[in-house]
Amino acid sequence: MNSTRRAVLAGLLAATGLVPLATGPAAAAGPRPPDSLLGREIRRLPTARKVVALTFNAAWDERGVDVVLAELRRRRLAATFFPTGEYAEAHPAAVRAMGVEHGLGNHSHSHPSFDGLSSAERRRQVRRADAAIRAAAGTEPLPFFRFPYSSTTTASVADVNALGYAAIEFTTDTNGYLGPGRGMTVERVVERAVDALAPGAIIQMHVGSSSGGVVLDAQALPRILDAIGAAGYGVVDLREFLVPE
């Protein structure tokens with residue numbers, strides 16, 4: 001992780017009140033994934049607290065972005081967004097809006113399956129996405145990577161870890177991205193999220209639809225958040241799991 005990225009991440013976390021802003025020589029050190037998030041794909045956060053993390057992938061359209069951001073803002077909740085590099089290039093305003101209030105992860109540049117890529121190709125995917133997301137958002141992405149199709153191997157996780165990223169996958173995908181045309185409804189989206197509630201659960205949603213139609217995750221979000229609260233759970237910001245370098 002370079003010094004610019006360290007400084008930006010340290011300032012971001014300090015601004016959100018998650019870690020104190022260092023001064024003097026220590027100011028160059030920034031947050032990084034702890035050892036507990038390295039060496040494997042993360043499908044549940046290492047905590048016993050009754051909290052869940054909200055995450056949104058962005059690889060298609062931006063139809064649900066405004067609705068999702070407005071609902072999170074209304075409830076003063078944090079989420080982490082995982083755009084692809086190509087999405088950032090096509091929808092820079094949407095990625096910028098995400099990054100103003102929330103953390104931005106990395107979902108590769110062109111969303112290929114990493115299983116069939118060489119280590120060099122994986123590195124290019126991650127770095128191209130990082131550059132595109134930074135350019136769109138005007139800030140550095142967080143050191144969190146999410147594999148396209150959630151297709152991971154020991155070797156591919158090691159490759160992204162070597163670049164400074166934790167491999168953040170998910171406990172459940174709501175499958176809202178499939179849309180009504182592929183059998184999904186708001187009710188089923190909510191049910192999948194609720195069924196996964198457990199300490200440290202990571203819920204994956206999408207800000208768009210693979211069919212370009214209705215964005216069920218955006219429609220279901222208020223009900224999902226109501227259900228999380230009713231079950232006695234809170235929403236945790238993934239940035240809380242970073243540690244000073």
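The values are calculated or read from the model by the stated rules, or taken from the named source; none is laboratory data. In this text, all values refer to a predicted model and were calculated from it rather than measured experimentally. Neighbour counts are summed over all protein chains in view; Cβ atoms, including those assigned to glycine, are modelled from backbone coordinates with ideal geometry. Side chains included, ligands, DNA and RNA excluded: accessible areas come from the protein's heavy atoms. Shrake-Rupley method; radii C 1.70, N 1.55, O 1.52, S 1.80 Å.
Structure above, values below:
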quantity	calculated
Given (1) in a helix (DSSP H, G or I); (2) under 15 Å from Thr55 (Cα atoms); (3) over 16 Å from the mean Cα position of the chain (by Cα), index of the condition Leu197 fails	(1)
Condition check for Glu86: open to solvent by 10 Å² or more (accessible area, probe 1.4 Å), closer than 24 Å to Phe241 by Cβ and either aliphatic (A, V, I, L, M) or touching a residue at least 24 places away in the same chain (Cβ under 8 Å) (or both)	no
Test: Arg40 is within 16 Å of Val236 (Cα to Cα), open to solvent by 10 Å² or more (accessible area, probe 1.4 Å), out of contact with any Asp or Glu (no Cβ under 8 Å at 6 or more places or on another chain) and modelled with pLDDT of 95 or more	no
Close pairs (6 angstrom Cβ cut-off, 6 or more residues apart or separate chains): without any contact (Cβ under 8 Å) to a residue 60 or more places away in the chain and more than 16 Å from Leu238 (Cβ to Cβ) in segment 164-186, of a type in the set (Asp, Glu) and crowded, with 20+ Cβ neighbours inside 10 Å anywhere	Thr174/Asp217; Gly176/Asp217
Identity of the residue in segment 180-198, open to solvent by less than 50 Å² (accessible area, probe 1.4 Å) and in contact with a Leu (Cβ under 8 Å, 6 or more places away or on another chain), that ends up nearest to Arg44 (Cα to Cα)	Val189
Single condition Thr23 does not satisfy, out of (1) modelled with pLDDT under 95; (2) within 17 Å of the chain's Cα centre (by Cα); (3) among the hydroxyl-bearing types (Ser, Thr, Tyr)	(2)
